[in-house]
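Structure first, commentary second.
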Amino acid sequence: MDYIALKHTHLLFAALSIVLFYTRAVSRLASGKIAAHKGVFIASHSIDTLLLISAISLLIMGSINPLGQPWLLEKIILVVAYIALGVVSAKAKTRSLQVTGLVLVTLSLLGIGYLAGSKSAFIL
């Protein structure tokens, strides 16, 4: 697979991951039936795994060192924050904490999208 095809595959996995995340999050705010469905759970984690594999493959194929690219390092930090905030939001017992977590996740995703598109770091 060439680099451009892999990049588009990575973008597809990112879009699917986001859709599945919000599907599960909104379900938890409502009845929780969709979020509890085993197929949705497996699909979500499978897509996330493929997203990670495609990201690592892009780094290897492009000979990219994340430590040498400030925007990429910030993106990785935001991805870790997205995962942590997603877990906090999913495990939250109160609706207000769930919504707060969801808002913070959304801000993280917007930052990730900006960094991916602009390749221009916020801080570093």
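The values are calculated or read from the model by the stated rules, or taken from the named source; none is laboratory data. A quick note: this is a predicted structure, and the numbers were derived from the prediction, not measured. A quick note on method: Cβ atoms are made from the backbone with ideal geometry, for glycine too, and the neighbour counts reach across all protein chains shown.
Here is a yes/no grid of residues against (1) part of a helix (DSSP H, G or I); (2) exposed (fewer than 14 other Cβ atoms within 10 Å of the Cβ); (3) polar (S, T, N, Q); (4) modelled with pLDDT of 95 or more:
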{"position": "10", "(1), (2), (3), (4)": "yes, no, no, yes"}
{"position": "42", "(1), (2), (3), (4)": "yes, yes, no, no"}
{"position": "45", "(1), (2), (3), (4)": "yes, yes, no, no"}
{"position": "57", "(1), (2), (3), (4)": "yes, no, yes, yes"}
{"position": "67", "(1), (2), (3), (4)": "yes, yes, no, no"}
{"position": "108", "(1), (2), (3), (4)": "yes, no, yes, yes"}
> Among (1) surrounded by 14 or more Cβ atoms within 10 Å (Cβ to Cβ); (2) not assigned by TED's automatic domain parsing to the domain that holds residue 2, which single condition is residue 124 missing?
Replying inline: (1)
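Looking at the range 82-109, which of its residues are in contact with a Ser or Thr (Cβ under 7 Å, 6 or more places away or on another chain) and touching a residue at least 24 places away in the same chain (Cβ under 8 Å)?
In the first step, residues of the range 82-109 are kept if they are in contact with a Ser or Thr (Cβ under 7 Å, 6 or more places away or on another chain); the result is 82, 85, 98, 101-102, 105.
Selection gives 82, 98, 102, 105.
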> Are there any pairs with C-beta distances below 8 angstrom linking a residue in the range 12-35 that is assigned by TED's automatic domain parsing to the domain that holds residue 86 to a residue that is assigned to a helix (DSSP H, G or I) and among the small types (Gly, Ala, Ser), with the two at least 6 apart or on different chains, and if so which?
Replying inline: none
